[in-house]
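Here is the structure we will look at.
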Amino acid sequence: MASLTVDDVAARFAEAVDTGRRLPRIEVQGYFNVWPAFVRDEWETYPEEKPRYHPLPPTPKAIDRMLEVMRWVQWLEVEQRHLVWMRARQYGWCVISRRFACNRVTAWRRWQKALQVIAGQLKAAAPVAPMNRPEAKSQGG
């Protein structure tokens, strides 16, 4: 965890957004269709909409990483949360700057600052490995 840079944190947010998109849709329970599935002829399917794209479901490890990223946002202010998620969802800087009523460069700097806050918190939360000091062992005699 301690080795995560700002770019790594941004990549983890983008992965979390992708994982969230690949989760199955939540539907109302209790409704079902009793009609049998049947194959239509080509002329019957012509006015039908385009087939929907169903991505493969995410792996359990990807879901765990997404939940970890969602815990990270608690370290940010509300506006920073919105900014980081908008950028992870690949909104353009012009759209983001309009949303936050600031310049494009200012929005980028705020995004960088938010990612640095997360990287700093991760670095501070990393467990410190105990140091092996040989001089402490030699003083015991």
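The values are calculated or read from the model by the stated rules, or taken from the named source; none is laboratory data. Predicted, not measured: the structure shown is a model, and the values here were computed from it. Note that we place each Cβ from the backbone using ideal geometry, even for glycine, and neighbour counts take in every protein chain shown.
For Ser3, state whether it is surrounded by 15 or more Cβ atoms within 10 Å (Cβ to Cβ) and free of Cβ contacts under 8 Å to residues at least 12 places away in the same chain. Even if it seems obvious, please write down each step before you answer.
Working: surrounded by 15 or more Cβ atoms within 10 Å (Cβ to Cβ): no; free of Cβ contacts under 8 Å to residues at least 12 places away in the same chain: yes.
So Ser3 fails the test.
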Matching residues in region 20-38 - criterion: being modelled with pLDDT of 80 or more and within 18 Å of Arg52 (Cα to Cα): Gly20, Arg21, Arg22, Leu23, Pro24, Arg25, Ile26
Sole exception among (1) within 26 Å of Ala125 (Cβ to Cβ); (2) free of Cβ contacts under 8 Å to residues at least 24 places away in the same chain; (3) surrounded by 13 or more Cβ atoms within 10 Å (Cβ to Cβ) for Arg99, by number: (1)
Hey, any hits in region 118-133 for a residue that's within 18 Å of Val17 (Cα to Cα) and modelled with pLDDT of 95 or more? yes
Applying the selection to region 63-122, what residues are under 21 Å from Glu15 (Cβ atoms), aliphatic (A, V, I, L, M) and over 15 Å from the mean Cα position of the chain (by Cα)? Ile96, Val117, Leu122
Pick from region 102-123, criterion touching a helix residue (DSSP H, G or I) at 6+ places or on another chain (Cβ under 7 Å) and farther than 13 Å from Asp7 by Cβ, ranking: surrounded by the most Cβ atoms within 10 Å (Cβ to Cβ): Ala114
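Can you tell which of Arg12, Arg21, Arg71 is part of a helix (DSSP H, G or I) and surrounded by 12 or more Cβ atoms within 10 Å (Cβ to Cβ)? Full working, then the answer.
Details: Arg21 fails: surrounded by 12 or more Cβ atoms within 10 Å (Cβ to Cβ); Arg71 fails: surrounded by 12 or more Cβ atoms within 10 Å (Cβ to Cβ).
None of the other options fit; the residue is Arg12.
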